Amino acid sequence: MKTMLLALFLIIGLTAKTIAIQQTIYLTLDDGPLPESKCIDSLVRVERIAVNIFAVGANLSSKEGRINYARYKSNPHIKIFNHSYSHANGHYRKYYRDTAAVLKDFQKNDSLLNPFSSIIRMPGRNMWRINGRSKNDITNGIEAADHLAANGYTIIGWDIAWLQDSITKEPSIDALGLMEVIEHRLKRRNTFTKDHLVLLLHDEMFCSAIMVNELKKLIEEMNRKKLRFAYLDSYPLINK
Ligand SMILES: [Zn+2]
């Protein structure tokens, strides 16, 4: 009897520990719909994992943009969030000086995309505003972020970005190298919210056979390490 009880306590203890340390990854893909979005859409349908898309409304002005956006909308593994209508037209400093115009730009995107959540990401800025907690990358954009938060938006940046060289299109790091960085950050609890890691990707990076393969490899590694994929609307409001 004593042995059985001990075994039971051990099982309960181990289960609690497993639940407590389960770490969560939020895959976020920015700037779509773009021509490459169809590749991401196909990959996600095969991998069947939670993917968060930060969409730019201006890209729906082309027929191809609307077709690729429809792919996203019909994909049961994708949730779409607001990444502004104009993406600052690429002129970030000027854009963020006019806080009222920034708010209008996000509201315009809301009326076009009709997202289910008030979670947004600012173009060109890694800024966070979650339930009173905040983080900024640079000064330009802070007032705009505060103004967006005051108007009901939750702003989510990223913990790690997987980028590519703008000219050679080579990735900054390969999948296995990136996985090491991710594990290191999670282990050190060096993320905006501990045990939760937001990874920034861009649709345009993942259409070549090599990069599709790299992304598959990354997902495989994450599955192997028992990381959980989640949608941003389940991101914790409090850093416990
Ligand atoms: Zn962007």
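The values are calculated or read from the model by the stated rules, or taken from the named source; none is laboratory data. If you're wondering where the values come from, they're calculated on a predicted model, not measured in any experiment. Reconstructed Cβ throughout: ideal geometry from the backbone, glycine too, with neighbour counts over all protein chains shown. Please note that ligands, DNA and RNA were not included when accessible areas were found on the heavy atoms of the full protein model with its side chains. Shrake-Rupley method; radii C 1.70, N 1.55, O 1.52, S 1.80 Å.
Points worth noting:
- Top-ranked residue of the stretch 195-226 - restricted to ones that are touching a residue at least 40 places away in the same chain (Cβ under 8 Å) and open to solvent by 70 Å² or more (accessible area, probe 1.4 Å), ranked as farthest from the ligand (Cβ to nearest atom): 226
- Residues that are over 26 Å from residue 116 (Cα atoms) and assigned to a loop (DSSP other than H, G, I, E, B) were ranked within the stretch 207-239; the one that is farthest from the chain's Cα centre (by Cα) is 208.
- Pick from the stretch 109-128, criterion open to solvent by 20 Å² or more (accessible area, probe 1.4 Å) and in contact (Cβ under 8 Å) with a residue 24 or more places away in the chain, ranking: nearest to the ligand (Cβ to nearest atom): 124
- Restricting the stretch 228-239 to residues that are among the hydrophobic types (A, V, I, L, M, F, W, C) and open to solvent by 20 Å² or more (accessible area, probe 1.4 Å), the residue that is modelled with the lowest pLDDT: 238
- Within the stretch 30-55, the set of residues being farther than 21 Å from residue 122 by Cβ and open to solvent by less than 20 Å² (accessible area, probe 1.4 Å) comprises 40, 41, 43, 44, 49, 50.
- For the residues 84, 37, the requirement of being polar (S, T, N, Q), within 12 Å of the ligand (Cβ to nearest atom) and in contact with a strand residue (DSSP E or B) (Cβ under 9 Å, 6 or more places away or on another chain) singles out 84.
- Taken over the stretch 69-81, the criterion of being farther than 19 Å from residue 200 by Cβ and either open to solvent by 50 Å² or more (accessible area, probe 1.4 Å) or within 16 Å of the ligand (Cβ to nearest atom) (or both) is satisfied by 69, 70, 71, 73, 74, 76.
- Condition check for residue 179: over 28 Å from residue 92 (Cβ atoms) and either touching a residue at least 60 places away in the same chain (Cβ under 8 Å) or part of a helix (DSSP H, G or I) (or both): yes
- Filter result for residue 58 (open to solvent by 20 Å² or more (accessible area, probe 1.4 Å), within 13 Å of the ligand (Cβ to nearest atom) and closer than 16 Å to residue 30 by Cα): yes
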